[in-house]
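Asker: Below are the structure tokens for one structure; questions will follow.
Where a number appears in this text, it was derived from the coordinates with a stated rule and is not lab data. The structure presented is a predicted model; accordingly, all values stated were derived computationally and were not measured. Using ideal geometry, Cβ is built from the backbone for each residue, glycine included, and neighbour counts are taken over all protein chains shown.
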Amino acid sequence: MADGTIPVADDTMGLSYRVELTVYAWAGSTATVPTTTALKDVWAIAGLPVSEYPDPATYDLIAKLTAQFNTGNDARDLSQLTPNYFNPGTAIQTIDDLASFVMNSPTVITPVAAPDEGVVDTLAAGADTAEGGE
């Protein structure tokens, strides 16, 4: 961020930082704000219509978070997250609140592909087949 651009979140970053970057991407923000900033204010600072917050604005945020945390070491099940969680007086008001929600969401175990080492293609290795075998 030293050059004034906001990086794209990826799974090499810490969970809270990824949530923060996802919020900036959602709002189309080109500047960072303290993580104690209300999400509604992040939306407004980006010049987006406050009348659309939290519904329908947060549908896109939920989709971006779901995509960001659907695989990897920090994979989370965010299926219970709806725009109602962002209403005034509810659990998620700030970037920090959202990061806490994601962190405390159920983890998802993503399958890891087995390495190809030691796998032998029996046909390529010259094994007998029904047509050419003994």
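Asker: At 7 Å along Cα-to-Cβ for each site, give me the label-to-label distance between Thr32 and Val50 in nm.
Answerer: 2.6
Asker: When you count, for each residue, the other Cβ atoms within 10 Å and take the mean per peptide, how do 69-80, 44-55 rank with the highest first?
Answerer: Per-residue mean Cβ counts within 10 Å order the peptides as 69-80, 44-55.
Asker: Give me the net charge for the shell around Leu15: Cβ to Cβ below 13 angstrom, other residues only, Lys and Arg +1, Asp and Glu -1.
Answerer: With Lys, Arg at +1 and Asp, Glu at -1, the neighbours total -3.
Asker: Pro49: net charge of surrounding residues, Cβ under 14 Å, Lys/Arg +1, Asp/Glu -1, itself excluded?
Answerer: The answer is -3.
Asker: If you don't mind, another one. Which whole-Hz ³J(HN,Hα) couplings does the range 33-46 yield from phi under the Karplus relation 6.51 cos²θ - 1.76 cosθ + 1.60, θ = phi - 60°, glycine and proline marked x?
Answerer: So the Karplus estimates, Gly and Pro as x, are 9, x, 6, 8, 6, 5, 4, 4, 6, 4, 4, 5, 4, 6 Hz.
Asker: Relative contact order for the range 15-103: what is it in percent, counting Cα pairs under 8 Å that are at least 6 residues apart? Don't skip to the end; give the middle numbers.
Answerer: Details: 96 pairs, mean separation 33.6, N = 89.
The value is 38 percent.
Asker: Right, another one. Once a ≥ b ≥ c are taken as the square roots of the eigenvalues of the Cα gyration tensor of the range 1-116, is the result rounded (a/c under 1.5), prolate (a/b larger than b/c) or oblate (a/b not larger than b/c)? Let's see the in-between values first.
Answerer: On the way: a/c = 2.16, a/b = 1.41, b/c = 1.54.
Here the range 1-116 falls in the oblate category.
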